[in-house]
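Derivation of every value follows stated rules applied to the coordinates shown; laboratory data play no part. Bear in mind that the values here come from a model prediction, so they are computed numbers and not experimental data. FYI the Cβ positions are ideal-geometry reconstructions off the backbone, even for glycines, and counts take in every protein chain you see.
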Amino acid sequence: MKIISVVGARPNFMKIAPFIKIISHHNKSAEIKIEHMLVHTGQHYDDRMSKTFFTALNIPNADINLGIGSGSHAEQVGYTMIAFEKVLIDEKPDWVIVLGDVNATLACSVAAKKLHIKVCHIEAGLRSGDERMPEEINRLVTDRLSDLLLTPDELSTENLKNEGILESKIEFVGNIMIDTLESNIVKASNLVANEIIKDNIIKEQKSNDLNIFNSPTSHFNLMTMHRPSNVDKKEILEPIIRLLLDEISLDIPIIWPIHPRTQNKLQQFGLWDEVILNDKLILLNPLGYHEMLKLNTRAKIMLTDSGGLQEECTVLGTPCLTLRWNTERPITLRKNGGASVLVGNSISRIREEYKYTLQLKRTPDRPKLWDGKTALRVLEAILKATK
Ligand code: UD1
């Protein structure tokens with residue numbers, strides 16, 4: 001059996017690592033070996049957004065890199081489809097495995113389906129209900145086309161059933177990203193927060209005494225933000241930056257590994273100089289997997305618009321303010337047992353929830369089948385669906 005797995009952007013890398021590992025394990029003893037190829041569309045190309053994760057998570061180099069790079073959505077999806085179709089025609093796989101909700105997920109599922117190649121979607125069924133989010137469109141199209149839909153939680157299974165997807169195509173397998181968290185938490189815990197900060201701080205930034213982060217009791221908040229809805233408009237981004245600079249960071253310093261898109265926007269809007277000169281808002285380059293995990297275990301509060309971090313915060317118990325109005329991952333919300341609360345980009349709401357959240361303790365939660373064994377269930381489901 002031949003499988004092609006596709007990755008394109010940062011959040012895919014931590015999801016593919018356990019799957020590749022389980023295939024190697026399977027091939028050691030199984031009668032029918034799996035021939036596996038990894039295709040990287042090249043949507044994320046900076047070392048810090050891509051290569052670092054391959055190295056840290058022992059992901060073998062991609063067999064093929066389509067070199068798509070940055071561009072508009074139609075450009076990324078269109079160029080990926082054209083390039084991936086050629087790979088499919090040459091390689092003739094039995095299955096194409098797509099993950100999550102990035103542009104590669106959409107483009108490669110459409111290209112495969114049009115060539116009558118079976119598609120398996122890992123992390124199927126998530127819905128934010130917000131079709132202004134590019135990822136929601138990617139999720140809807142991919143799930144509509146997929147032959148095997150592997151869900152991370154039962155709410156996602158329900159979403160798919162409600163959309164009329166045949167039950168026989170759906171399998172609840174759990175959250176594969178938690179497999180990666182489980183197998184890397186010890187290594188991450190052994191890192192030193194202060195060193196991570198020193199090694200990754202953006203050079204231009206003046207910083208006072210970073211040694212304060214040496215102490216295991218020193219507090220910091222952790223922040224990430226890259227969604228177009230938060231960073232693409234100055235009238236939305238600027239008030240958030242003001243709140244961080246003038247209020248929250250005065251209280252507890254904020255460590256912010258910054259996404260290239262957000263850095264570009266801050267520069268474009270003339271906000272970069274003030275941010276970079278501030279020594280309570282500590283900007284880092286994008287971090288590696290273990291480094292981010294370590295800081296997450298130490299953060300007082302996470303402020304983020306990332307989906308994956310909402311999930312990691314749930315398992316680690318880090319109280320999380322989700323800078324979005326909706327989430328495709330409701331299982332991560334406090335009201336459902338998780339660690340996060342939706343605050344959108346309303347300044348008053350962020351301020352209010354921040355004050356409330358400061359009083360909360362870490363309360364780790366384990367949604368069903370977020371047990372570190374999802375990759376095995378993924379492979380079993382694929383093997384079953386192949387018979
Ligand atoms: C993509 C995903 C998003 C995911 C995010 C994680 C889609 C639709 N979006 O968004 O779901 O949460 O990845 O990071 O697929 N850039 C670089 N270097 C890189 C990559 C990007 O500098 O290696 C800059 C470019 O200016 C680019 C911008 O970041 O235009 C945005 O990158 P892009 O890949 O279009 O989307 P993300 O915002 O990263």
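What to note about this one:
- Rounded to whole numbers, the Karplus 3J(HN,Hα) couplings from phi for segment 240-255 are 5, 4, 4, 4, 5, 6, 8, 10, 4, 6, 5, 7, 9, x, 10, 9 Hz, using 6.51 cos²θ - 1.76 cosθ + 1.60 with θ = phi - 60°, and x at Gly and Pro.
- Dipole magnitude of segment 54-163, debye to nearest 20 (Cβ charges: Lys/Arg +1, Asp/Glu -1, about Cα centre): 300
- The residue list Thr80, Val96, His40 was ranked by how far each Cα lies along the charge dipole of segment 1-124 toward its positive end, using unit charges on Cβ atoms, and Val96 comes out on top.
- Highest to lowest packing among 336-344, 132-140, scored as the average C-beta count within 10 Å: 336-344, 132-140
- Placing +1 on each Lys and Arg Cβ and -1 on each Asp and Glu Cβ, with no other charges, gives the chain a dipole about its Cα centre of roughly 460 debye.
- Amide hydrogen neighbours beyond the local backbone of Asp371, cut-off 5 Å, H modeled: Asn175
- Sorted peptide list for 162-172, 72-82, criterion being average Cβ within 10 angstrom, highest first: 72-82, 162-172
- Net charge of neighbours whose Cβ lies under 11 Å from the Cβ of Ile64, counting Lys and Arg as +1 and Asp and Glu as -1: -2
- Phi-based couplings in Hz for segment 95-111 (Karplus 6.51, -1.76, 1.60; Gly and Pro marked x): 9, 10, 9, 10, 10, x, 8, 8, 4, 4, 4, 5, 4, 7, 5, 5, 4
- Between Gly174, Asn58, Val275, the Cα set farthest toward the positive side of the dipole of the chain (charges on each charged residue's Cβ, about the Cα centre) is that of Gly174.
- Positive-end extreme of charge dipole, the chain - chosen from Leu379, Ile4, Leu243 (charges on Cβ): Leu379
- Residues whose amide H lies under 5 Å from that of Val119, counting only those 5 or more places away or on a different chain, are Val96, Asp147, Leu148; hydrogens are built 1.01 Å from N in the peptide plane.
- From phi via Karplus (6.51, -1.76, 1.60), per-residue ³J(HN,Hα) for segment 37-50 in Hz, x at Gly/Pro: 10, 10, 10, 9, 6, x, 4, 9, 10, 4, 3, 6, 9, 9
- By the Cβ-Cβ criterion of under 4.7 Å, the unpaired cysteines of the chain are Cys108, Cys120.
- Cα centroid separation - segment 60-104 against segment 274-302, whole Å: 31
- Residues whose amide H comes within less than 5 Å of that of Lys2, counting only those at least five positions distant or on another chain, are Glu35, Asp94, Trp95 (H built at 1.01 Å from N in the peptide plane).
- Bridge type composition, the chain - antiparallel percent by DSSP, nearest 5: 5
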